[in-house]
1. Applying a 10 Å radius around every beta-carbon, put 196-206, 123-133 in order of their mean neighbour count, most first.
2. Can you give the relative contact order of segment 1-80 as a percent, counting alpha carbon pairs under 8 Å and 6+ residues apart?
3. Apply the a/c threshold of 1.5 to the C-alpha gyration tensor of segment 221-333 and tell me whether it is rounded, prolate or oblate.
4. Using only alpha carbon pairs under 8 Å that are at least six residues apart, calculate the relative contact order of the chain and give it in whole percent.
5. In nm, what is the difference between 0.36 nm times the number of residues separating residue 160 and residue 296 and their Cα-Cα distance?
6. For residue 306, list long-range residues whose amide hydrogen, built 1.01 Å from N in the peptide plane, is under 5 Å from its own amide hydrogen.
7. Using the Karplus equation 6.51 cos²θ - 1.76 cosθ + 1.60 (θ = phi - 60°), what ³J(HN,Hα) coupling, rounded to whole Hz, does each residue of segment 259-274 give in order, writing x for Gly and Pro?
8. Which residues among segment 4-37 fall inside the zone where the amide N is under 20 Å from a point 7 Å beyond the Cα of residue 54, along Cα→Cβ?
Amino acid sequence: MITKDKIIMSLRGVKEPFFQKDFIQMNLIDVDLLENNINIKVYLKEEVFDKKEEIEKKIQEKLKIAFGEQIGNVNIEFIKVSDYSQVRRRVKLEVLDSKKANLGKVIAVTSGKGGVGKSTISINLALSLRELGFKVGLLDADVYGPSIPTAFGLEGTILEIRDDKIQPIEKFGLKLVSIGFMIPEVDTPLIWRGPMLHKAINEMVNQVDWDSLDYLVVDLPPGTGDAILSLNNSVKIDGAIVVSTSQKVAAADVMKNINMLKTLSIPIIGIVENMSFIECKNGEKIYLWGKGGVIELAQKYDIEFLGEIPFIPNVVQTMETGNLVMLTEQTKNIFKEFAKKVINRLNVISVS
Ligand code: ADP
Ligand code: MG
């Protein structure tokens with residue numbers, strides 16, 4: 001039998017020409033099924049509207065492969081839009097609002113490139129929110145370099161399934177799930193990790209017994225890859241944090257990162273500059289990569305600047321040994337102030 005879900009599945013691989021991502025992943029296709037007649041609406045940016053014949057042909061081919069002679073009439077309508085945000089927001093929210101039971105506010109921590117401190121910020125944000133009295137989950141979706149197993153001293157942990165639900169690990173008052181607990185790291189080649197990613201992310205969000213959270217912090221892999229798309233299709237993201245260092249070379253990556261979030265209509269909490277300076281004993285601040293680079297970017301893209309986080313030598317150690325409790329009060333306060341800014345911004349975004 002033809003169903004709407006099967007039609008949507010069959011359209012995998014038909015790519016939106018501007019962003020080169022699947023239409024269905026981007027929520028740019030509406031499907032209606034009446035008996036065996038299929039009505040499809042495709043939303044297409046004006047810049048690539050002339051590609052519609054090609055796309056129509058591909059859709060017809062995909063449907064033929066999936067359903068052969070079973071299908072009746074196929075009617076494909078193309079709707080020209082100047083940008084995708086409105087369409088995507090509508091389609092996405094309808095699907096996801098119903099699913100998001102007890103996750104509280106979902107915060108995605110993103111960056112244009114690796115090594116800028118996404119995991120450090122995710123972990124310390126989660127710990128700070130916890131210290132401020134909230135119930136917090138931390139989800140490590142970095143398929144290429146999960147950090148939570150090491151940072152929490154939990155390497156080799158396997159998640160337990162109880163009552164059909166994945167049980168998160170509890171440590172330091174946080175509920176933790178890592179892709180490192182789901183996909184065996186050592187013996188799974190990178191090429192297999194991609195396809196497993198969508199399923200794993202969806203499961204980590206929707207099939208984990210999160211109980212009821214106030215905040216779910218998600219540590220994403222760097223860049224504009226599939227993980228953020230999968231997360232965005234699995235849950236309503238309340239806001240994204242962009243993490244950057246201030247090197248000039250990072251600007252292009254940050255720009256791509258921000259454009260991706262805007263395209264996906266994910267509200268941006270703001271951008272934080274990590275490892276910006278070292279504070280000397282006499283209070284002098286040495287800016288490692290020059291001062292003010294990230295604030296400039298924030299102004300240019302009209303997004304909130306969430307401040308600077310210094311280079312804190314002892315953070316490296318705690319992340320590598322799983323001894324997060326070794327963080328000094330001073331360090332904890334830096335992240336607590338950051339967490340308060342994030343909470344405030346989330347409140348502002350959710351009413352606007
Ligand atoms: P990402 O998740 O973006 O790849 P990480 O959080 O793993 O980045 O950080 C990369 C490295 O930088 C790690 O060794 C981490 O301990 C270190 N690091 C990150 N932020 C800080 C900071 N504010 N002070 C000192 N070291 C940091
Ligand atoms: Mg990381």
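Values quoted throughout were computed directly from the atomic coordinates according to the rules given, and no laboratory measurement underlies them. What you are looking at is a predicted structure, and each value in this text was computed from that prediction instead of being measured. For neighbour counting, all protein chains shown are included, and Cβ atoms are generated from backbone atoms with ideal geometry for every residue, glycine included.
1. Working: 196-206: 19.5, 123-133: 21.5.
Ranked from most to least packed, the peptides come out as 123-133, 196-206.
2. Details: 101 pairs, mean separation 28.2, N = 80.
35 percent.
3. Working: a/c = 2.33, a/b = 1.43, b/c = 1.63.
Oblate.
4. Numbers: 618 pairs, mean separation 64.3, N = 352.
Over the chain, the number comes to 18 percent.
5. Details: separation 136, 0.36 × 136 = 48.96 nm, distance 4.61 nm.
Gain on extension, residue 160 to residue 296, equals 44.4 nm.
6. 271, 272, 273
7. Karplus values, whole Hz, x for Gly and Pro: 4, 4, 4, 5, 4, 7, 6, 8, x, 9, 5, x, 10, 10, 9, 9.
8. Hits in segment 4-37 for residue 54 at 20 Å: 11-29.
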